[in-house]
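Beneath this line is the structure, given in C-alpha cells, with notes to follow.
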Amino acid sequence: MQEPEILASSERSIGLLYLSRYPEETHPDGWVYTVHIDGELLMSSVSPLSERMLATYAIEAHKGTGKLKILVGGLGLGHTAEAALASPRTSLVRVIDRMDFVIGWIRDGRLPLSELLNGDERVELVLGDVYADLLGRPTEKWDIILVDVDHSPEMPLDPASADFYTVEGQQRVAQHLAPGGVMGVWSAHDNPPFAAVMAEAYPESRRQYVEWDVPSEHQTLHNVLFFGRLAL
C-alpha cells in the first residue's frame, strides 16, 4: 500500500483527527478514504457496509407507511446519510456532528459523497452534540434516530456520552421518537450489556451482526448494530 495522502487535519480535545486517502484499484472510487484520531483508525471507506446497513435496517424495521424523518448522529464519511437518502420513504435526513471540520469536508467537496449530500435538498448538516441533544428535552419527534459516533459502548470517544448507554439514557432518547420510531446504534464490537439496556428501554430490540470480507487485506471484518423500536 502506498503512503497515505493527508487531505486535512484538526487538533481537538479528543486528539488529532486527520482525513487521508490512498489509491486502491479494487475500490469503486479508486481510492480508500480514512479518518484517524491520534494515529488510530476511526473509520474507513474500505467497506462501509455496516454504516449503510445502520440506515437500511432501521428503515426496513419501521412499520409506518408515511414519509420518514431521520436524525443521524455522526457524519463520518457520509455513508449512513447516503443509505438513508436511498429510500423513497425518506423526507428529511438531519445529520448532527460536533466537529465543524468534518462537515466542512463534505461541503468543500473533499469526499466522494460530497456532491450527493450537498445536492440533495432533503439533507441538513448541523453542528452540534447529538448525545447532549438526545439526553435533553425533546423539541421535535423523529421516526428514526441513528447514532454512529463512538467506537463502541465501552469505548467512547468522550466520557460525556456514557449516560447514552444506560437504561435511563435510552429511555430519555426514546422520548425523541415518534410512535413506531426506531433507534439504531453502530458499534465496532458486540456488547451484551448494551443489548440488555436496549431490551429494557424499548418494547422491541435486536442486535444485527454485519460481516464482510476484505480481499485486499485478506481478512473478514464485522460490526454490530443495536436497534430498539417503539410501538405504533
**Study point:** Residues (in contact (Cβ under 8 Å) with a residue 60 or more places away in the chain and either buried (at least 21 other Cβ atoms within 10 Å of the Cβ) or more than 22 Å from Ala231 (Cα to Cα) (or both)) located in segment 69-82
**Key:** Ile70, Leu71, Val72, Gly73, Gly74, Gly76, Thr80
Review point. Do you know which residues across segment 9-19 are open to solvent by 40 Å² or more (accessible area, probe 1.4 Å) and in a strand (DSSP E or B)?
Key: Ser9, Glu11, Arg12, Leu16, Tyr18
Check your understanding: Inside segment 43-68, can you point out the residues that are closer than 15 Å to Ala188 by Cβ and touching a residue at least 40 places away in the same chain (Cβ under 8 Å)?
Key -> Val46, Ser47, Leu49, Ser50, Glu51, Met53, Leu54
Check your understanding: Got a sec? Which strands (runs of 3 or more DSSP E) wholly within segment 114-227 have at least 2 residues that are closer than 23 Å to Ile103 by Cα and open to solvent by 40 Å² or more (accessible area, probe 1.4 Å)?
Key -> 123-127
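For (1) small (Gly, Ala, Ser); (2) assigned to a loop (DSSP other than H, G, I, E, B); (3) open to solvent by less than 20 Å² (accessible area, probe 1.4 Å); (4) modelled with pLDDT of 95 or more, each residue gets a yes or a no:
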site: Leu7; (1), (2), (3), (4): no, no, no, no
site: Arg21; (1), (2), (3), (4): no, no, no, no
site: Asp29; (1), (2), (3), (4): no, yes, no, no
site: Val32; (1), (2), (3), (4): no, no, yes, no
site: Met53; (1), (2), (3), (4): no, no, no, yes
site: Ala58; (1), (2), (3), (4): yes, no, yes, yes
site: Gly66; (1), (2), (3), (4): yes, yes, no, no
site: Ala84; (1), (2), (3), (4): yes, no, yes, yes
site: Arg94; (1), (2), (3), (4): no, no, no, yes
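The values are calculated or read from the model by the stated rules, or taken from the named source; none is laboratory data. Quick caveat: nothing in here was measured; it's all calculated off a predicted structure. All Cβ positions, glycine included, derive from the backbone under ideal geometry; neighbour counts span all protein chains shown. Protein only, heavy atoms only, side chains kept; ligands, DNA and RNA dropped before computing areas. Shrake-Rupley method; radii C 1.70, N 1.55, O 1.52, S 1.80 Å.
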